[in-house]
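> I have a structure I would like to understand better, so I am pasting it below and will then ask my questions one at a time.
The values are calculated or read from the model by the stated rules, or taken from the named source; none is laboratory data. What you see is a predicted model; the values in this text were computed from it and never measured. Methodologically, a virtual Cβ is constructed for each residue, glycine included, from the backbone with ideal geometry; neighbour enumeration extends over all protein chains shown.
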Amino acid sequence: MSDAVRELTVELGERSYPILIGQGLLGSRNLSEYVQGSQVLIVTNETVAPLYLDRAKSCFPGKSVDTVVLADGEKYKDWQTLNQIFDHLLQNRHSRKTTLVALGGGVVGDMTGFAAACYQRGVPFIQIPTTLLSQVDSSVGGKTGINHPLGKNMVGAFHQPEIVLIDTDTLSSLPPREVAAGLAEVIKYG
């Protein structure tokens, strides 16, 4: 792990949140201080789970951590998939103090954030983005949502995370096309 960890703060008054950026953060950082209650639900997908789920779980010592693994892809950013998150939360009696954790790219981040905005009228969530595009998106504004058959990202909410943890080592598992899409987003925001 590199000693160089950069911490930024998104200044939004009461809704401000920190962003930690560095190498080797996933699995080496204790994020339990950002969890109000004892329950954590990590939402990820079938591509990311085998790569990073175990390391993400280890970021929450002393907490009860369970997971939902979704299908991978933009076509699953819909009500049906969102309900898999809600079903798990309700079946496992997650309270108002549960914290949702988005571990993955933009689809996982958007859906987990939207689920957190809606569940019991709003619970905390943490972003652990694993693509360059999602690392850029999750760092600005708290946009969350799902797609509707009549338009992309047409149903959603603004819901800021408690913290964004960006482990730059996750970028090494991306295909070149994904890196290029992320760089385009950086240029767009620039």
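This table checks each residue for (1) farther than 21 Å from Asn30 by Cβ; (2) out of contact with any strand residue (DSSP E or B) (no Cβ under 6 Å at 6 or more places or on another chain).
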residue: Pro61; (1), (2): no, yes
residue: Lys77; (1), (2): yes, no
residue: Asn83; (1), (2): yes, yes
residue: His88; (1), (2): yes, no
residue: Thr99; (1), (2): no, no
residue: Gly109; (1), (2): yes, no
residue: Thr131; (1), (2): yes, yes
residue: Asp137; (1), (2): yes, yes
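> Pairs, please: C-beta under 6 Å, at least 6 apart or cross-chain, first residue at pLDDT 95 or above and in a helix (DSSP H, G or I) and in the range 107-126, second surrounded by fewer than 23 Cβ atoms within 10 Å (Cβ to Cβ) and among the polar types (S, T, N, Q)?
What qualifies is Val108/Asn45.
> Can you tell me which residue is nearest to Gly156 (Cα to Cα) among those in the range 38-78 that are basic (Lys, Arg) and in a loop (DSSP other than H, G, I, E, B)?
By that ranking, first place goes to Lys77.
> How many residues, within the range 127-155, are assigned to a strand (DSSP E or B) and either polar (S, T, N, Q) or crowded, with 19+ Cβ neighbours inside 10 Å (or both)?
8
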